[in-house]
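Every number in this text was worked out from the coordinates using simple rules, so none of it is lab data. Since the structure is predicted, the reported quantities are computational estimates derived from the model, not experimental observations. Cβ: placed from backbone, ideal geometry, glycine included. Neighbour counts: every protein chain shown.
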Amino acid sequence: MKDSENWTLYVSLILVLYALVILFFVVRGALKAKSISDYAVGNIGFPSWIVGLSLAASMTSAATFVINPGFIALYGVSGFISFGIVMPIAAFISLVVFTKGFAKYGGQVKATTMAQWIGNRYNSNSYKFFFGIIALLLITFIVLINVGLTQVISKSLQADPFYVLLGITVFVFGYMMFGGANSMVYTNTIQAIIMFIVAIIMIASGKDFFENGISGFLDQLNAIDSKLTQTTNESSFLFRDYFEIIFAQIVIGIAIVCQPHIITKSLMLKNPSKVNMYLFSSIFFMTVYFLVVVTGLYARLTFPDLTANGKPLTMDEIIPTYVVTKFSVAAGILVVVGLISAGLSTLESLIQSLSITITTDIIGTLAPKAKEKSFFINKVVIVLLAIVSFILSWQQIQNPTLSVAIFAQNGVYAYFAAAFVPVLFGTFFKQVPTIAVFTASVVALVSHFGIYYLRITPYMQETVNNPGVSAAIAILISLFTGMIFYIFGNKTSKT
């Protein structure tokens, strides 16, 4: 993109307009939210396809549009296979399988959070409290999105990242104190449509590289580094062999839907029989979103030595710099808005689901009388989340370990590794002993963090390690543990 004094002005004006539109829908939704339940799952009967758009926007975040393409810019085709093909297919299949049972049971027990669903399903307040506590790991995902948004906006406005991050934190956490689920469906729908348009633009932005077909495209990558065109990349930290690229990503893709801002979205369906349209609309849009990671290959061809204006690019800066460099003013502004939409859509869902979990499942358990003031307490919780996430986000911007994605994956993967067995068993099995799933969740956490931090297995011997490997192994160990306890527990109860 050509340097222009007007660029910053145009972007600033669009961001102000975008913020005003969001605030309009926040106010509209907030006026209808009268209780903590309304804030959590809404009280407006949205069409199922609209809720599906909200899910699509929530499930594909700044990681999909900004961070993951950076990995692919560094490591090439092996990363595209992993993030653009294997993981999405596994996630879509898992989403279909899990959602129907979860939505049906969620409606029966009137659950508003993942922790409540688990606690009610297994009739255990201690298990509910346990999941409320480990939900705090999702703060790492908030940090990832904060960093991604900060990189995009600071590059676009040529502004100090510190003040951009501060502005994002104050604005988003501020309006989420009032909006909740009603507002979020409105804003997510707009964001999903913008993201779809921008995804098409970004996927098409590399058309010039295909003048000689796919083979010509690969030849250009190969000229930079032959490892970029290989299906595995031994020099990477994430795509060294097919275990990391395929097996681990299948396991992660299956389990990834067991996050509260994803699977609990189905609880917003007032009529569970409409789940098919909900799933169809979400998967259709997400298929396009996940293909955006191919932009990482375009960025590598644009910056073959990973520098811009003589300055080395960090991994998290690659895509924001590509956008500012590649597109015309009009297209660039639209893409920037799309990248911001990708971040905000998931950030809103995370703030909403995590604050509700802390308010109802942690504070509500420790101080039952506080439930009478839960609507107010939830606002205080959001303020505290804002402060913590700001501090951690700024730390990651200043001192990332390769990428903020590694920090986020370590926390998020640990959470859904612990959630996988209780959601699986609770959805498809009957008469599940609580000890079976509770033990499986603990084993998942111990296994994941143990393998990662104690450097167990050959995959954990580098300066930067792959949380996907430790989480995949932990999920399998947890599943085996849960099955043993389930079989043994049922046999004991029958004798």
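With the cut-off at 1.5 for a/c, could you classify the chain from its C-alpha gyration tensor as rounded, prolate or oblate?
Since a/c reaches 1.5 but b/c is at least a/b, the shape of the chain is classed as oblate.
Going by average Cβ density within 10 Å per residue, which order do the peptides 288-296, 479-487 take, highest to lowest?
Most protected by this proxy first, the peptides run 288-296, 479-487.
Which one, G364, I89, G79, is farthest towards the positive end of the dipole of the chain when Lys and Arg carry +1 and Asp and Glu -1 on their Cβ?
The Cα lying farthest towards the positive end belongs to G364.
Could you give the length gained by full extension between Q398 and K379, i.e. 0.36 nm per residue of separation minus their alpha carbon distance, to one decimal place?
3.9 nm
Ordered by residue, what ³J(HN,Hα) values in Hz, to whole numbers, does the stretch 304-321 give under the Karplus form 6.51 cos²θ - 1.76 cosθ + 1.60, where θ = phi - 60° and Gly and Pro are x?
Ordered by residue, 3J(HN,Hα) equals x, 9, 6, 10, 9, 6, x, 10, x, 9, 6, 4, 6, 8, 4, 5, x, 5 Hz.
So if we plug the beta-carbon distance of L9 and F162 into 1/(1 + (r/R0)^6) with R0 = 30 Å, what FRET efficiency do we get, rounded to 0.05?
Once the sixth-power term is evaluated, E becomes 0.90.
List M177, M87 from most exposed to least, where exposure is judged by having the fewest other Cβ atoms within 10 Å.
Fewest-to-most ranking of M177, M87: M177, M87.
Hey, what angle do you get for helix 161-176 against the long axis of the chain, alpha-carbon based, 0 to 90 degrees rounded to 10?
40
Measure out, as a whole number of angstrom, how far apart the alpha-carbon centroids of the stretch 439-454 and the stretch 367-410 sit.
Using only Cα atoms, the two centres lie 23 Å from each other.
Suppose the chain between F488 and T463 were pulled fully straight at 0.36 nm per residue; how much longer would it get relative to their current alpha carbon spacing?
Between F488 and T463, full extension yields 4.9 nm more.
Helix 467-494 versus the longest principal axis of the chain: what angle, 0 to 90°, nearest 10, using Cα atoms?
Once rounded, the angle reads 20 degrees.
Quick check on the stretch 279-374: take the gyration tensor over C-alpha atoms, sort the square-rooted eigenvalues as a ≥ b ≥ c, and tell me if it's rounded (a/c under 1.5), prolate or oblate.
prolate
Once you keep just the Cα pairs under 8 angstrom separated by 6 or more residues, what percentage relative contact order results for the chain?
Normalised by residue count, the contact order of the chain is 30 percent.
Which Cα, out of Q191, A56, N378, lies furthest along the positive dipole direction of the stretch 5-399 (beta carbon charges, K/R +1, D/E -1)?
N378
Please check which bits of the stretch 397-416 a label hung off L454 would reach, taking the label as a point 7 Å along Cα-to-C-beta and the cut-off as backbone N under 20 Å.
Label zone hits: 410-411, 413-415.
Name the residue from N276, G213, N309 whose Cα lies farthest towards the positive end of the charge dipole of the chain, charges +1 on Cβ of Lys and Arg and -1 on Cβ of Asp and Glu.
N276
Find how many whole Å separate the alpha carbon centroid of the stretch 40-99 from the alpha carbon centroid of the stretch 235-252.
If we compute the Cα centre of each part, the gap is 18 Å.
Would you mind putting 230-237, 114-121 in packing order, based on average other-beta-carbon counts within 10 Å, highest first?
So the peptides 230-237, 114-121, ranked by packing, come out 114-121, 230-237.
Against the longest alpha carbon principal axis of the chain, how many degrees, from 0 to 90 and to the nearest 10, is the axis of helix 329-356 turned?
Result, in degrees: 20.
Students often check this: by mean Cβ neighbours within 10 Å, which of 343-351, 206-214 ranks highest, and how do the rest follow?
Ranking, from highest mean packing down: 343-351, 206-214.
Per 0.36 nm of contour for each residue apart, how much would the distance between I197 and V170 grow if the chain were fully extended, relative to their Cα-Cα spacing?
Here the answer is 6.9 nm.
Charges at C-beta only: +1 for Lys and Arg, -1 for Asp and Glu. How large is the resulting dipole of the stretch 5-399 about its Cα centre, in Debye rounded to 20?
Result for the stretch 5-399 is approximately 1680 debye, rounded to the nearest 20.
Using modelled backbone amide H atoms (1.01 Å from N, in-plane), which distant-in-sequence or interchain residues come within less than 5 Å of A308's amide H?
L313
Compute the Cα gyration tensor for the stretch 361-495, then decide on rounded, prolate or oblate, letting a ≥ b ≥ c be the square roots of its eigenvalues: rounded whenever a/c is under 1.5, prolate when a/b is larger than b/c in the other cases, and oblate in all that remain.
Oblate.
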